[in-house]
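Here the structure comes first, spelled out in structure tokens, and everything after it is commentary.
The values are calculated or read from the model by the stated rules, or taken from the named source; none is laboratory data. Just so it is clear, the model here is predicted, and its values are computed rather than measured. Using ideal geometry, Cβ is built from the backbone for each residue, glycine included, and neighbour counts are taken over all protein chains shown.
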Amino acid sequence: MALEITDQNFQEVVLDSDKPVLVDFWATWCGPCRTIGPIVDELHNELDGQAVIGKVDVDSNSDTPTKYGVRNIPTLLVFKNGEVVDKLVGAVPKSQILEKLQAHM
Amino acid sequence: MDNINQIKLPNNIEFFARQVVEGFITGKHKSPYHGFSVEFAEHRLYNTGESTRHIDWKLFARSDKLFVKRFEEETNLRCQLIIDTSSSMYYPNFDEVTFEKPNKILFSVYASAVLMNIFKKQRDAVGISTFSDEIETHILAKSSNRHHQLIYQELENVLSVNAKLNNRKTSTISALHEIADRISQRSLVFMFTDMISDDNDLEKIFDAIKHLKHKKHEIVLFYVSDVASEHLLEFDNKPYNFIDVESGESIKLNPSHYKKDYLKRIGEFLDILRLKCLQYKIDLVEVDINKGYDQIITSYLLKRQKMF
């Protein structure tokens, strides 16, 4: 399972990380989010040690999505050195996510 | 027999195409035709003033959240078949065309018909363009049955041309630019050509292909050739009279004397072609006209899988 990221630990897990971080903004009621959820979990297992993969539930954590202007879910943001370096919106295939992430690894 | 018209071939291209496609699809374990319907892709926050048509009302009822459902762009394909109909495509058999001894144009036409049959099954829109030194036909993509009939008719017309008499040259560059201008909606473009062109500058041909790419079309380039004679120069050890079918020029020589140099040069050409296609993200499929139609269907299905 991918890391559970909250408003409280966002700074520590994402912004202070020295590895690229993929953050999946999702909600339990959103069908497409549930489609890519398992993909994100798979990536977490596959890229263990090379990148940090985590999920933010937008219902219980509203500050972070607002800060990064996330109006669509699912949205995947790639962070590197505390900055957003890539963005994917919607249910996208695994290959596309991996491609984006690997570009920053 | 001089006229390609008089030669006995299955006269119903549509029937032939159906046979090939069904033969290929039967026995494949997983149907490639699942999952192409319009798909729900994401939720977006509702903006005041926006149409309420796509609001997810069930979600609103459950949780008071106003979100709009967004869907993938309609996933029915538009396909454009482009066939080079210059004289060189009528090589190697100008007179006695049969399925055992096809020429490049016969192969391209029947391969197009095979692809069309798949499109038809999926209700994809299909159009066709043919060119030699100018655009000869340009039919925009539609998906109706009548439209398919029109295209089959057009394919039959291509076969009925007597290229030997016509000396039809190729201007790939201008033709492709014009076709790129004419196809307005994003399409999957299948191009059948032997890459033999009057304006024999690969760089410029790729500029034209880039024009198509720039318009966001996906391109599959079927490089059609008779591998034995065109790539491997397999001829008997005796002098031949080679005629350039597009210009009419002829040259007498014994091919075996030049084989080594020829193989080297064709190898270089193929390397550049492959490299350019890779560079511009064009799917290159090297097709040997003697190896059947499965190669066409497989590459199409792979492409489609990659797109969705």
(request) Give me the pairs, please: first residue somewhere in segment B:229-241 and of a type in the set (A, V, I, L, M, F, W, C), second residue anywhere and in a helix (DSSP H, G or I) and exposed (fewer than 13 other Cβ atoms within 10 Å of the Cβ), beta-carbon distance under 9 Å, and either six or more positions apart or on two chains. (result) B:Leu233/B:Tyr258
(request) Determine if segment A:55-64 includes at least one residue that is out of contact with any helix residue (DSSP H, G or I) (no Cβ under 8 Å at 6 or more places or on another chain) and within 11 Å of chain B (Cβ to nearest Cβ). (result) yes
(message) Among the listed residues B:Ser247, B:Ser197, B:Ser256, B:Ser229, identify the single one that is farther than 20 Å from B:Leu284 by Cα, hydroxyl-bearing (Ser, Thr, Tyr) and at pLDDT below 85.
(response) B:Ser247
(request) Assess whether B:Leu275 counts as being of a type outside the set (Phe, Trp, Tyr) and either closer than 30 Å to B:Gln122 by Cα or modelled with pLDDT of 90 or more (or both). (result) yes
(request) Within segment A:78-88, identify whether any single residue is touching a strand residue (DSSP E or B) at 6+ places or on another chain (Cβ under 6 Å), part of a helix (DSSP H, G or I) and away from every other protein chain (no Cβ under 14 Å), and answer yes or no. (result) no
(message) When you scan segment A:36-54, do you find a residue that is within 15 Å of B:His43 (Cβ to Cβ) and either within 14 Å of another protein chain (Cβ to nearest Cβ) or of a type in the set (D, E, K, R) (or both), even just one?
(response) yes
(request) Please go through segment A:76-90 and pick out each residue that is in contact with a Phe, Trp or Tyr (Cβ under 8 Å, 6 or more places away or on another chain) and buried (at least 19 other Cβ atoms within 10 Å of the Cβ). (result) A:Leu76, A:Leu77
(request) Just need a number here: residues in segment B:67-95 that are of a type in the set (Phe, Trp, Tyr), modelled with pLDDT under 85 and closer than 30 Å to A:Thr28 by Cα. (result) 1
(request) State all residues of segment B:159-187 that are assigned to a helix (DSSP H, G or I), among the hydrophobic types (A, V, I, L, M, F, W, C) and at pLDDT 80 or above; if no residue qualifies, say none. (result) B:Leu159, B:Ile173, B:Ala175, B:Leu176, B:Ile179, B:Ala180
(message) Give me the residue from segment B:51-62 that is closer than 18 Å to A:Ile73 by Cα and within 12 Å of chain A (Cβ to nearest Cβ) and, out of that set, surrounded by the most Cβ atoms within 10 Å (Cβ to Cβ).
(response) B:Asp56
(message) Every residue in segment B:208-228 that is within 16 Å of the chain's Cα centre (by Cα), without any contact (Cβ under 8 Å) to a residue 60 or more places away in the chain and surrounded by fewer than 22 Cβ atoms within 10 Å (Cβ to Cβ), please.
(response) B:Ala208
(message) Looking at B:Leu263 and the list (1) over 26 Å from B:Ala141 (Cα atoms); (2) buried (at least 19 other Cβ atoms within 10 Å of the Cβ), which single condition is not satisfied?
(response) (2)
(message) Checking the conditions here, which among B:Phe235, B:Phe190 is touching a Pro at 6+ places or on another chain (Cβ under 8 Å) and not in a helix (DSSP H, G or I)?
(response) B:Phe235
(request) Out of the residues in segment A:11-33 that are of a type outside the set (A, V, I, L, M, F, W, C) and under 18 Å from A:Leu47 (Cβ atoms), state the one that is farthest from the chain's Cα centre (by Cα). (result) A:Asp18
(request) Take B:His29 and decide whether it is touching a Cys at 6+ places or on another chain (Cβ under 6 Å) and modelled with pLDDT under 90. (result) no
(request) Quickly run through segment A:15-48 and pick out the residues that are of a type outside the set (Lys, Arg), part of a loop (DSSP other than H, G, I, E, B) and under 16 Å from A:Lys80 (Cβ atoms). (result) A:Asp16, A:Ser17, A:Asp18, A:Pro20, A:Leu47
(message) Of all residues being among the acidic types (Asp, Glu) and more than 17 Å from A:Val89 (Cα to Cα) in segment A:10-33, which is farthest from the other protein chains (Cβ to nearest Cβ)? Just the residue, please.
(response) A:Asp18
